[in-house]
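Trainee: My questions will all concern the structure given below.
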Amino acid sequence: MKILITGGGGFIGCNATQRFLQLGHSVTVLDNLSRHGSDRNIEWLRGQGDFDFTNADVCDAESVARVIKQGCFDVALHLAGQVAVTTSVVEPRRDFEINTLGTFNVLEAVRQESPATIVLNVSTNKVYGRLPGLELREESKRWVLPDLPYGVSETQPLDFHSPYGCSKGAADQYVIDYARIYGLRTVNFRQSCIYGYRQFGVEDQGWMAWFTIAHTLGKPVTIYGTGKQVRDILFIDDLIDCYLAVIERIERVSGMSFNIGGGPENTLSLLELLEMLGTHSGRAVDHSFADWRPGDQPVYISDIRRAEELISWRPRLGVRDGLGRLYSWVVANRECFVGRAATI
């Protein structure tokens, strides 16, 4: 296949590019290299195989249309985006331009220039907001949702909360509607917490990697809230398996959205992560507490049964093994983060 990956220099993008290259596909990466570590990821990808690279911004409709027209792609994996709730609160216009307008630009370019292209859009669990009306139960190290033993399904009402939730949610709905109105083959991935190799996490996004990097460098971390917040976590290799499964079954699932994460069997609270990191390193994680941040969900766990049923996918790597792989990668690549010590 010929595959376009927007945001291909990011954490998910570079891992997806590597996998597609290994499978023998032709890959074009579109990225403006604005995210920390993206230039380093592109440099790393040069050693993984031959691919085309375009330095462009998804907010630039003409550039996006030109790349898609010239490429005649089988698949467009749309990963480029503004990824942090906190940043969206400070810069809501920029958040809208990147997430909503950027996605619209990709959809319009495909509609006008290459309507046979499959569009895979990375959305977020934040489209469900703070899950109003659901009972929360507090336990010693975590919050639980007793009424949702399988997690949050795609039937949960959307409730955008924070500019980030709004921008990603609007893009999410455009992706669905372009399948209904224009017949494009599109799919949304409402992703939970993804983690793994080459994730240059920062405090407001990529918390698994952020905690691991900071602890490896001997820097303290701040927990916003009680630390009992729970997420289901999914290792990067399992996520890319999911993308491939959807591509293979696109005629069955076009126009749909999938909640994608580790599911109920792969959940972790912040406090539990601290304990696991301490076990791996042999020393306690230096941490402090601060007030909750806007838009944070006390609990989010993906109900992944739709994906299991329709695309025969489920995670293969468990929490402990996955964290072990992340920790080993960070330790082995410590030099990638040392220069950032002053900002951690």
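Trainee: Collect the residues in the range 126-163 that are of a type outside the set (Gly, Ala, Ser) and open to solvent by less than 20 Å² (accessible area, probe 1.4 Å), keeping them in residue-number order. Walk me through it before giving the result.
Mentor: To start, the set of residues in the range 126-163 that are of a type outside the set (Gly, Ala, Ser) comprises 126-128, 130-132, 134-139, 141-150, 152, 154-161, 163.
Passing the criteria: 127, 128, 131, 152.
Trainee: Give the range 143-153 a look and list any residue that's over 10 Å from residue 125 (Cα atoms) and touching a residue at least 24 places away in the same chain (Cβ under 8 Å), or say none. Working first, answer last.
Mentor: Within the range 143-153, the subset over 10 Å from residue 125 (Cα atoms) is 143-151, 153.
Answer for the range 143-153, where residues must be over 10 Å from residue 125 (Cα atoms) and touching a residue at least 24 places away in the same chain (Cβ under 8 Å): 143, 144, 145, 148, 149, 150, 151, 153.
Trainee: Moving to a separate point now. Within the range 147-157, identify whether any single residue is modelled with pLDDT under 95 and among the small types (Gly, Ala, Ser), and answer yes or no.
Mentor: Taking every residue of the range 147-157 in turn, none turns out to be modelled with pLDDT under 95 and among the small types (Gly, Ala, Ser).
Trainee: Just a yes or no: is a residue in the range 14-36 open to solvent by 60 Å² or more (accessible area, probe 1.4 Å), in a helix (DSSP H, G or I) and touching a helix residue (DSSP H, G or I) at 6+ places or on another chain (Cβ under 7 Å)? Before you say what the answer is, go through the steps one by one.
Mentor: Taking the range 14-36 first, the residues open to solvent by 60 Å² or more (accessible area, probe 1.4 Å) are 22-24, 34-36.
Checking which are in a helix (DSSP H, G or I) leaves us with 22.
So of that shortlist, the ones also touching a helix residue (DSSP H, G or I) at 6+ places or on another chain (Cβ under 7 Å) come out as none.
No - not one qualifying residue is present in the range 14-36.
Trainee: Can you find a residue that is more than 23 Å from the chain's Cα centre (by Cα), over 17 Å from residue 303 (Cα atoms) and in a strand (DSSP E or B) anywhere in the range 136-156?
Mentor: Yes, the range 136-156 contains at least one residue that is more than 23 Å from the chain's Cα centre (by Cα), over 17 Å from residue 303 (Cα atoms) and in a strand (DSSP E or B).
Trainee: Could we say that residue 179 is open to solvent by less than 10 Å² (accessible area, probe 1.4 Å) and part of a helix (DSSP H, G or I) here? Reasoning before the result, please.
Mentor: Details: open to solvent by less than 10 Å² (accessible area, probe 1.4 Å): no; part of a helix (DSSP H, G or I): yes.
Judged against the criteria, residue 179 is not a match.
Trainee: Sticking with this one: Within the range 185-231, how many residues are within 20 Å of residue 121 (Cα to Cα) and either outside any loop (DSSP other than H, G, I, E, B) or aliphatic (A, V, I, L, M) (or both)?
Mentor: 11
Trainee: A further question on this structure: Go over the candidates 64, 75 one by one and state the one that is modelled with pLDDT of 95 or more, open to solvent by less than 10 Å² (accessible area, probe 1.4 Å), closer than 23 Å to residue 238 by Cα and more than 16 Å from the chain's Cα centre (by Cα).
Mentor: Of 64, 75, the one residue that is modelled with pLDDT of 95 or more, open to solvent by less than 10 Å² (accessible area, probe 1.4 Å), closer than 23 Å to residue 238 by Cα and more than 16 Å from the chain's Cα centre (by Cα) is 75.
The values are calculated or read from the model by the stated rules, or taken from the named source; none is laboratory data. This is a predicted model, so every value here is computed, not measured. Positions of Cβ are generated from backbone atoms using ideal geometry, with glycine treated the same way; all protein chains shown enter the neighbour counts. Quick note on the areas: whole protein, heavy atoms, side chains included, nothing else; ligands and nucleic acids left out. Shrake-Rupley method; radii C 1.70, N 1.55, O 1.52, S 1.80 Å.
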